[in-house]
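The values are calculated or read from the model by the stated rules, or taken from the named source; none is laboratory data. Everything numeric in this text was worked out from a predicted model, so none of it was measured. Cβ placement follows ideal geometry from the backbone for every residue including glycine, while neighbour counts extend to all protein chains displayed. The protein model used for the area step is the full one, side chains on, heavy atoms only, and it has no ligands, DNA or RNA in it. Shrake-Rupley method; radii C 1.70, N 1.55, O 1.52, S 1.80 Å.
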Amino acid sequence: GFYFCCDTVFEGEEIVFAIATKNISDFDMDTLHIRYWLQDSDNNSTLIDVKSLKPHPSGDVIIDTVRYSSLGLSGLNSIWAQYNPVNDQTNTYYQLEQYYFNNIATKYFYVKNDNLNPVLDVSFDGKHIMDGEIVSAKPEILIKLKDENKFLELNDTSLFRIFITNMDTGIENQVFFSSRNHPEEELVWIPAALPDNSCQIIYKPVFYDDGIYQLRVQAKDISQNESGKNDYVVRFEVINNSTITNLLNYPNPF
């Protein structure tokens, strides 16, 4: 009845631990109690659960399963199960036994932490622009973040920080997911859905004044891995009036 998926798991992966117990005595036992706890790499113990299972007659076998997330458990850990533990209310064992030393089982496992950077992608109206390129005064800016981790989904808006700078004034303003002054320009959040761990932000600003602006984006994954050593930065120009930017002779020669 023993089951444990593997000796090494990735951070965020669910730990599934199953174990069987047999009443080898000639006496029937009432309700079987089990205490589960976890011991991390720093020897800190965390209670997982205390279960009350069915009665345990002589010769009977009971298989029980416990599940626990490995989030925040990087390094060597162990999961423990104690059958017929001490009742916290009475400070005595739930059932009388001749020996208690053989009622404990443990399983060691290693949690591999996530240390890979997520991939950040930014586009304007479906296009990757060059630095200094002219864009619409009402662009749709799509910000995507993709992470290779299949367990820690990108579901938190605090993973992002977005800034717009008017280069004429040099003032940088942070763009928030909710705004009282310009609610029509709020960021639209689309969280990731596993196993394709990719989230999106849709930003539709309105630039009323012509000029050069700068977009700066900071992003990280759930494990605090940043998308790069430097922030994503791009400058763009806004021209509200229709103008001709390039005039070419065609056919050539003209």
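Please enumerate the residues belonging to the stretch 95-115 that are among the charged types (D, E, K, R) and either under 31 Å from the mean Cα position of the chain (by Cα) or open to solvent by less than 40 Å² (accessible area, probe 1.4 Å) (or both).
Lys107, Lys112, Asp114
Please tell me if Arg216 is open to solvent by less than 60 Å² (accessible area, probe 1.4 Å) and charged (D, E, K, R).
yes
Can you name the residue in the stretch 131-159 that is outside any loop (DSSP other than H, G, I, E, B), of a type outside the set (Lys, Arg) and within 15 Å of Ile190 (Cβ to Cβ) and is also most open to solvent (accessible area, probe 1.4 Å) among such residues?
Across the stretch 131-159, the extreme among qualifying residues is Thr157.
Could you check, for the stretch 74-90, whether at least one of its residues is part of a loop (DSSP other than H, G, I, E, B) and within 21 Å of the chain's Cα centre (by Cα)?
Yes, because at least one residue in the stretch 74-90 is part of a loop (DSSP other than H, G, I, E, B) and within 21 Å of the chain's Cα centre (by Cα).
Evaluate the following for Asn225: is it over 21 Å from Asp125 (Cα atoms), open to solvent by less than 20 Å² (accessible area, probe 1.4 Å) and at pLDDT below 95?
No: the conditions fail for Asn225.
Consider Thr21 carefully, then state whether it is outside any loop (DSSP other than H, G, I, E, B), in contact with a Phe, Trp or Tyr (Cβ under 7 Å, 6 or more places away or on another chain) and open to solvent by less than 30 Å² (accessible area, probe 1.4 Å).
yes
For the stretch 204-233, enumerate the residues that are touching a strand residue (DSSP E or B) at 6+ places or on another chain (Cβ under 8 Å), over 16 Å from Leu154 (Cβ atoms) and of a type in the set (D, E, K, R).
Lys204, Asp209, Asp210, Arg216, Asp231
If we keep just the residues of the stretch 47-94 that are surrounded by 12 or more Cβ atoms within 10 Å (Cβ to Cβ) and of a type in the set (Val, Ile, Thr), which is farthest from Asp7 (Cα to Cα)?
Step by step, filter the stretch 47-94, then rank; the result is Val86.
Does Tyr99 satisfy the condition of being within 30 Å of Ile24 (Cβ to Cβ) and in a strand (DSSP E or B)?
no
Spot the failing condition for Gly170; the list is (1) surrounded by fewer than 17 Cβ atoms within 10 Å (Cβ to Cβ); (2) in contact with a Cys (Cβ under 9 Å, 6 or more places away or on another chain), and only one is missed.
(2)
Evaluate the stretch 27-38: report whether one residue or more is among the basic types (Lys, Arg) and closer than 22 Å to Gly59 by Cβ.
No, there is no match, as no residue in the stretch 27-38 is among the basic types (Lys, Arg) and closer than 22 Å to Gly59 by Cβ.
Does the stretch 1-18 hold any residues that are open to solvent by less than 30 Å² (accessible area, probe 1.4 Å) and among the charged types (D, E, K, R), and which are they?
Residue satisfying the conditions is Glu11 alone.
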